[in-house]
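Please treat every number below as a calculation from the coordinates, not as lab data. Source: prediction; values computed, not measured. We place every Cβ from the backbone using ideal geometry, glycine too, and count neighbours over all the protein chains shown.
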Amino acid sequence: MRATLQAIADADQTALMFGTDLPSTRANRPFYPSDIDLIASTLGPARAERALFHNAIACYRPAQAPV
């Protein structure tokens, strides 16, 4: 999993977007809070922030970003 996350982030930092359909009925397992820790520890602070927050804002383009 870590190698896959890293490879995606290396190829395109905008490609990772976390939690857009939670709770997902298509997932093989439920969401665990440790999933966020996995993203943060694998990608590092800047890339994790993009995957967890900024990429979704850029994708959905709300009229005003949350503060």
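Structure summary
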| read-out | value |
| --- | --- |
| Once the Cα gyration tensor of the chain is diagonalised, semi-axes √(5λ) in Å | 19, 17, 11 |
| Highest average packing first - 10-18, 44-52, Cβ atoms within 10 Å | 44-52, 10-18 |
